[in-house]
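The values are calculated or read from the model by the stated rules, or taken from the named source; none is laboratory data. Since we're looking at a predicted model, the values are computed, not measured. Backbone-built Cβ (ideal geometry, glycine too); neighbour counts: all protein chains shown. All accessible areas refer to the heavy atoms of the entire protein, side chains included, with ligands and DNA or RNA removed. Shrake-Rupley method; radii C 1.70, N 1.55, O 1.52, S 1.80 Å.
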Amino acid sequence: MRYDKNHKADTHKRVVEAAARRFRKDGIEATGVVDLMADAGLTHGGFYAHFTSKETLVREALAAASERSREHFGRQIEKARAEGIEPIEAVIRSYLTPAHRDRPDRGCSVAALGAEIARRPRKTKDAFTEGLCKTLGVIETALPAATRDRRKKAVAIFSTMIGALQLSRAIADADLSQAALDAGIGAALTLAHTESH
């Protein structure tokens, strides 16, 4: 059977997107190649026609998930500006939601996989860091114009958001989990409006 010239690229993209979802949902170590290929509607035999190793796929999946997060933040920033809302508040509030807490497979790869990335090879950490730096750049654009030390402020805000989201996911009690999200919103907003020294 002959495929059109875009078939391999489309299949590759489908596997990367399926992996990005599965890694965020179940973790990298807990996810095997057979599961990933099944998620993409393929047999595992074709994996090495697309990737030299699972770690190569991990890096591509991280990049794809990171790009999705930046696109989401970008949409929130544009919408906030159009509605006359402070962009950084829109970013914070759209991130720290019950929906995001409950769907790690569709959410931020940093919050879902950060601890696991710390144990991955250097090339994977480099790919993760590259995506993170780009995401921080988008968060910087949401900060008020007069903000000093924009990168430092973006790191502080995003770190607070990630920590609150991770904590909320680990808590079994629904009210306490929501309190973690609410506290994260409050802390991140405070950071956004506090002058750096």
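Find all pairs meeting these conditions: Cβ atoms under 9 angstrom apart; at least six residues apart or on different chains; first residue within segment 37-49 and under 16 Å from Arg21 (Cα atoms); second residue aromatic (Phe, Trp, Tyr) and outside any loop (DSSP other than H, G, I, E, B). Listed by first residue and then by second, the contacts come to Met37/Phe47.
Among the residues here, Thr135 does not qualify as modelled with pLDDT of 95 or more, more than 19 Å from Arg75 (Cβ to Cβ) and surrounded by 13 or more Cβ atoms within 10 Å (Cβ to Cβ).
Kindly indicate the residue of segment 163-197 that is open to solvent by 30 Å² or more (accessible area, probe 1.4 Å), part of a helix (DSSP H, G or I) and polar (S, T, N, Q) and also nearest to Ala90 (Cα to Cα) among those meeting that condition.
Thr190
The selection criterion, being out of contact with any His (no Cβ under 9 Å at 6 or more places or on another chain), part of a helix (DSSP H, G or I), of a type in the set (Gly, Ala, Ser) and loosely packed, with under 15 Cβ neighbours inside 10 Å, does not hold for Gly41.
Residues that are part of a loop (DSSP other than H, G, I, E, B) and not hydrophobic (A, V, I, L, M, F, W, C) within segment 5-38 comprise Lys5, Asn6, Gly27, Glu29, Thr31, Gly32, listed in sequence order.
Taking segment 79-110 as the range and being open to solvent by 60 Å² or more (accessible area, probe 1.4 Å), over 18 Å from Glu17 (Cβ atoms) and in a loop (DSSP other than H, G, I, E, B) as the test, the residues that pass are Gly84, Ile85.
Would you confirm whether or not segment 61-77 contains a residue that is open to solvent by 60 Å² or more (accessible area, probe 1.4 Å), in contact with a His (Cβ under 7 Å, 6 or more places away or on another chain) and either at pLDDT 95 or above or farther than 22 Å from Val110 by Cβ (or both)? No, segment 61-77 contains no residue that is open to solvent by 60 Å² or more (accessible area, probe 1.4 Å), in contact with a His (Cβ under 7 Å, 6 or more places away or on another chain) and either at pLDDT 95 or above or farther than 22 Å from Val110 by Cβ (or both). From the list Ala180, Ala146, Ala142, the one residue that fits, being modelled with pLDDT of 95 or more and farther than 18 Å from His72 by Cβ, is Ala180. Each residue in segment 150-159 was checked for being free of Cβ contacts under 8 Å to residues at least 40 places away in the same chain and open to solvent by less than 40 Å² (accessible area, probe 1.4 Å), and 2 pass. Of the residues examined, Thr147 is one that is open to solvent by less than 40 Å² (accessible area, probe 1.4 Å), in contact with a helix residue (DSSP H, G or I) (Cβ under 9 Å, 6 or more places away or on another chain) and outside any helix (DSSP H, G or I).
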